[in-house]
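What follows is a set of notes on a single structure, which appears directly below.
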Amino acid sequence: MEKKVILSGIQATGDLHLGNYIGAMKNFVKMQEDYDCYYMIANLHALTVRRNPNELKQNALKVLATYIAVGIDPDKSTIFLQSQVHEHAELGWVLDCYTYMGELSRMTQYKDKSSKHADNINAGLFTYPSLMAGDILLYQADLVPTGEDQKQHVELTRDIAERFNKLYGETFKIPEPYIPKIGARIMGLQDPTSKMSKSSTLPNDTILLIDTPEEILKKVKKAVTDSEGIVKYDEKNKPGISNLMEIYGIINNKTMEEIEKEFEGEGYGTFKVAVAESIIKELDPFRKKYNELMANPKNLEEIYNKGAKKAQEVASKTLKDVYDKIGIIR
Ligand code: TYM
């Protein structure tokens with residue numbers, strides 16, 4: 001039986017954080033055993049915010065090294081740069097013409113990002129979800145593993161694909177979002193009502209995967225909690241503690257009830273140290289591998305070139321079908 005297909009991607013924004021790891025990459029690694037996986041480095045998507053060109057190049061390599069260092073095996077999964085497979089930009093444009101302004105203006109990420117970058121609300125920021133739909137549909141993906149914040153984009157992808165199929169006949173597989181029940185929205189440690197993000201301006205809010213054990217311990221110890229002093233899962237009233245519980249639960253494969261029992265009668269101090277130690281242990285092999293990979297860019301280049309070739313074989317077939325159906329001479 002043919003394996004089901006997975007596609008997901010992460011923007012080339014450089015140093016990734018614990019939210020990216022728990023919400024997305026941990027599942028990427030798990031799923032590579034049972035699925036035919038395509039993991040992309042979304043460097044074209046990263047252009048919606050002004051970036052230094054050298055940094056953007058370096059950031060793409062950082063995401064690639066992160067993928068491999070967390071355990072994605074380039075011999076099992078296809079890892080590639082979005083920019084090397086020109087079909088993404090092409091299908092993205094085509095799908096722009098099958099996506100409505102009203103749909104795009106309802107996207108919460110667009111609303112968030114345009115309020116954060118009020119001086120640069122460019123058209124790319126607005127049409128970003130059509131490019132993302134192209135990423136997914138080119139590979140006829142069955143499943144798209146992401147954190148909670150990308151669910152709306154995957155749902156829009158389904159609508160666009162259904163619309164296109166209705167007009168031209170079966171062309172795209174309709175993808176399903178794959179969002180973990182726990183850990184799909186890791187919150188900031190200083191502001192547990194906002195998702196953990198690289199762009200947070202609060203110090204100690206975000207744990208980067210490359211943070212040292214000392215930095216991780218310091219950040220978790222400073223995490224905002226509440227005054228109740230009881231380790232109990234209650235997202236609404238105890239967002240800080242609930243967030244730490246999710247992190248601890250995912251890493252140690254424990255339910256929220258099990259964690260409540262484990263820390264019954266213990267204060268937050270003991271719990272925070274246990275959380276920090278779990279993160280440190282989980283990320284320990286990562287740091288070493290990541291540094292080794294980044295020290296050898298030739299090896300990374302070989303990996304992304306090989307991945308792009310394989311990705312393009314699939315993507316070009318879909319794009320050919322689309323062009324034939326809509327009447328575009330190639
Ligand atoms: P990006 O680069 O913002 O985030 C990468 C992945 O990390 C997840 N994530 C989180 N999960 C839990 N808690 C958090 N605090 C957290 N922050 C980020 C995101 O949900 C995502 O899964 N548009 C996408 C990139 C993309 C893509 C695609 C994804 C481009 N094309 C095609 C899937 C399929 C993005 O900006 O993710």
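The numbers here are math on the coordinates, done by the rules we state, and not lab data. Fair warning: this is a prediction, and the values are worked out from it, not measured in the lab. Here the Cβ positions follow ideal geometry from the backbone for every residue, glycine too, while neighbour counts run over all protein chains shown.
What whole-number distance in Å separates the alpha-carbon centres of region 56-75 and region 204-270?
28 Å
Taking the alpha-carbon centroid of each part, what is the distance from region 276-306 to region 90-105 in angstrom?
Comparing the Cα centres of region 276-306 and region 90-105, I get a distance of 36 Å.
Contact order normalised by length for the chain, with contacts defined as Cα pairs under 8 Å and 6 or more residues apart; what percent is it?
Contact order relative to length: 22 percent.
Each residue of region 188-203 in turn: what ³J(HN,Hα) in whole Hz from Karplus with 6.51, -1.76, 1.60 and θ = phi - 60°, glycine and Pro shown as x?
x, 7, 8, 10, x, 9, 10, 5, 4, 8, 5, 8, 4, 9, 7, x
Please list, ordered by chain and number, the residues whose modelled amide H lies under 5 Å from the amide H of Ala12; skip anything fewer than 5 residues away on the same chain.
For Ala12, whose amide H was placed from the backbone, the distant partners under 5 Å are Ala42, Asn43, Ala46.
At a Förster radius of 25 Å, what calculated FRET efficiency corresponds to the Cβ-Cβ distance of Ala295 and Glu215, to the nearest 0.05?
Rounded to the nearest 0.05, the efficiency is 0.75.
Can you give me the Kirkwood hydrodynamic radius for region 1-64, using every pair of distinct Cα atoms, in Å to one decimal? Working shown, then result.
Working: mean 1/r = 0.0784 Å⁻¹.
This gives a value of 12.8 Å.
Starting from the Kirkwood Rh over alpha-carbon pairs, what translational D in µm² s⁻¹ does region 255-330 have by Stokes-Einstein at 10 °C and 1.306 mPa s?
Working: Rh = 17.7 Å.
Once the numbers are plugged in, D ends up at 90 µm²/s.
Helix-only mean residue ellipticity at 222 nm, the chain, DSSP H runs n ≥ 4 weighted -39,500 (n - 2.57), per residue, nearest 500. What is it?
-16500 deg cm²/dmol
How large is Rg/Rh for the chain, to two decimals, with Cα atoms and a Kirkwood Rh?
0.98
Measuring from label point to label point, each 7 Å out along Cα→Cβ, what is the Glu302 to Glu176 span in nm?
The answer from the label model is 3.8 nm.
Quickly work out the Lys30-to-Glu228 label distance, labels modelled 7 Å from Cα along the C-beta direction, and quote it in nm with one decimal.
In this crude spin-label approximation the distance works out to 2.7 nm.
From the C-alpha gyration tensor of region 213-291, pull out the three semi-axes of the equivalent ellipsoid (sqrt of 5λ each), sorted largest to smallest, in whole Å. Intermediate results must be reported in sequence, preceding the final value.
Working: eigenvalues 105, 37, 22 Å².
Those come to 23, 14, 10 Å.
Would you kindly derive the ³J(HN,Hα) couplings of region 289-303 from the backbone phi angles with the Karplus curve 6.51 cos²θ - 1.76 cosθ + 1.60 (θ = phi - 60°), listing them in order in whole Hz, with x for Gly and Pro?
Computed from phi, the couplings for region 289-303 are 5, 4, 5, 4, 5, 5, 7, 10, x, 4, 5, 5, 4, 4, 5 Hz.
Given H placed 1.01 Å from N in the peptide plane, which residues other than close sequence neighbours of Leu81 have an amide H under 5 Å from its amide H?
Those lying under 5 Å, H to H, from Leu81 are Ile41, Ala308.
Once R0 is set to 35 Å, what does the formula 1/(1 + (r/R0)^6) return for the Cβ-Cβ distance between Leu56 and Glu264, expressed as a FRET efficiency to the nearest 0.05?
0.10
In sequence order, what are the phi-derived ³J(HN,Hα) couplings for region 84-97 according to the Karplus relation 6.51 cos²θ - 1.76 cosθ + 1.60 with θ = phi - 60°, rounded to whole Hz, with x for glycine and proline?
Once θ is set to phi - 60°, the couplings for region 84-97 become 7, 10, 5, 4, 5, 5, 5, 5, x, 5, 4, 5, 3, 7 Hz.
What FRET efficiency do you get for Asp321 and Glu103 if R0 is 30 Å and r is their Cβ-Cβ distance, rounded to the nearest 0.05?
0.80
Sorted by packing (mean other beta-carbon atoms within 10 Å per residue), highest first, where do 39-45, 111-117 land?
The peptides rank, most packed first, as 39-45, 111-117.
Past the 31 Å Cα-Cα mark, which pairs from Lys113/Lys232; Lys3/Lys325; Lys3/Lys219; Lys26/Lys272; Lys26/Lys218; Lys76/Lys272? Can you show the working numbers first?
On the way: Lys113/Lys232 33 Å; Lys3/Lys325 27 Å; Lys3/Lys219 41 Å; Lys26/Lys272 22 Å; Lys26/Lys218 24 Å; Lys76/Lys272 36 Å.
Exceeds cut-off: Lys113/Lys232; Lys3/Lys219; Lys76/Lys272.
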